[in-house]
Each structure stands twice: as C-alpha cells, then as structure tokens.
Amino acid sequence: MVTVVGIDPGLSGALAFIHVSGEVALEDIPVIAIASGAVRRRVDGALLKAMLLRHCPPAEPVRIFCEDIAVAMGGQGSAAMTMVSLGRTLGAIEGVTDALRMPLRLVAPKEWKGLYGLKGKSKDDAGRGKGELPKAMLLARRLYPQAIPMLERVKDADRAEALLIAHFGKRMILE
C-alpha cells in the first residue's frame with residue numbers, strides 16, 4: 001500500500017497524509033521569515049523535507065497530489081504578489097519532492113473539487129454565518145472523523161482542503 005499526501009499550496013497552506021494504516025496526519029506548510037521584500041515569508045525547505053520524511057518513510061511508496069496554483073489562480077484578477085508567493089511556494093514543494101524522488105502530481109481545483117461538488121471557497125461558503133465551518137471542512141470531518149481535532153478552527157480550512165486533495169488522490173490510485 002501507499003501513503004497518499006495532499007497539498008494545499010500557499011504560505012497558509014497545509015499537507016495531509018493518509019497512511020496505509022488508516023492514520024491521518026495534518027501539518028501546516030512550514031515557513032520562515034524573509035528579512036526584506038514585499039513577500040515576508042517563504043517555505044522552509046529543510047522543515048518541509050523533514051516533515052515529508054517523518055510521514056513518508058523512504059522504504060514505503062508515496063504519491064503526492066498538489067493543487068495546481070496556475071489553474072487555481074489564473075484569470076481571477078489575483079494580485080501579482082499573491083501569484084509570486086504561490087509560485088515560489090509551489091517551486092519549493094516541487095524542489096523538495098524532486099530531491100526526495102517522491103512523485104508529485106498537480107491537480108486542477110476543478111478536478112478535485114468536482115469530486116465533492118465544491119465550486120470554490122467564496123462560492124461554496126456564500127451565506128455562511130460567522131463562526132460556521134466552511135463546506136470543505138465539514139466534508140473532510142465527515143470523511144475522516146479522526147481528523148476532527150485537527151480541524152476545529154475556521155482557519156483550518158486549508159488543512160481540510162489538503163485532506164480532500166489527499167482523499168482525491170487515494171481514490172485515483174484505487175480506481
């Protein structure tokens with residue numbers, strides 16, 4: 001069997017690990033501060049490497065699925081600095097996974113969200129009351145009740161999306 005990793009990229013993004021044993025782990029993308037420039041943080045590649053190795057031992061097969069930021073952000077009038085930051089984050093993820101020889105597949109948001117009937121954060125959560133959990137989080141908690149303690153805050157939505165991307169990857173492997 002294989003460990004499946006889902007990544008919601010971005011400096012507030014997350015990684016989800018679905019292990020053969022059924023165990024689920026969620027981690028925020030590790031970042032470090034940058035002394036100067038418009039973007040104030042970047043991915044900590046050394047910590048990302050250590051995190052991947054901790055959850056995905058080299059002797060076990062791993063498949064990594066990451067949201068494709070070019071498709072996720074393209075054409076939405078995104079700010080240039082957001083695109084630069086996301087591009088740097090994805091580049092760091094690609095560099096670390098390449099160095100570890102861990103296969104990475106980019107997945108369009110439409111592809112993985114389509115599996116769950118989700119449309120996008122703003123569209124899915126329109127009309128959501130203050131303090132109510134986003135739809136992606138409610139779905140992730142339903143699919144993986146063992147992850148509920150890691151998905152308690154509204155700001156854990158990126159963790160939930162990473163878990164849904166990993167679940168999408170798991171389904172792709174099993175089908």
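The values are calculated or read from the model by the stated rules, or taken from the named source; none is laboratory data. This one's a predicted model, so the numbers in the text were calculated from it and none came from an experiment. Heavy atoms of the whole protein, side chains included, go into the accessibility calculation; ligands, DNA and RNA do not. Shrake-Rupley method; radii C 1.70, N 1.55, O 1.52, S 1.80 Å.
Some observations on this one:
- For residue 65, distant residues with modelled amide H under 5 Å away: 5, 6, 7, 105
- Beyond 24 Å in Cα-Cα separation lie the following of the pairs 110/170; 49/110; 49/119: 49/110; 49/119.
- Percent accessible area from carbon and sulfur atoms, the range 5-58, protein chains only, probe 1.4 Å: 55
- Near the amide H of residue 41, within less than 5 Å, lie the amide hydrogens of 34, all on another chain or at least 5 residues away, with H placed in the peptide plane.
- Residues whose amide H comes within less than 5 Å of that of residue 29, counting only those at least five positions distant or on another chain, are 13, 14, 15 (H built at 1.01 Å from N in the peptide plane).
- Contour minus Cα-Cα distance for residue 28 and residue 47 (0.36 nm per residue): 5.7 nm
- Sequentially through the range 90-100, phi angles give Karplus couplings (6.51, -1.76, 1.60; θ = phi - 60°) of 4, x, 5, 4, 4, x, 5, 5, 5, 4, 8 Hz, Gly and Pro residues having no value and appearing as x.
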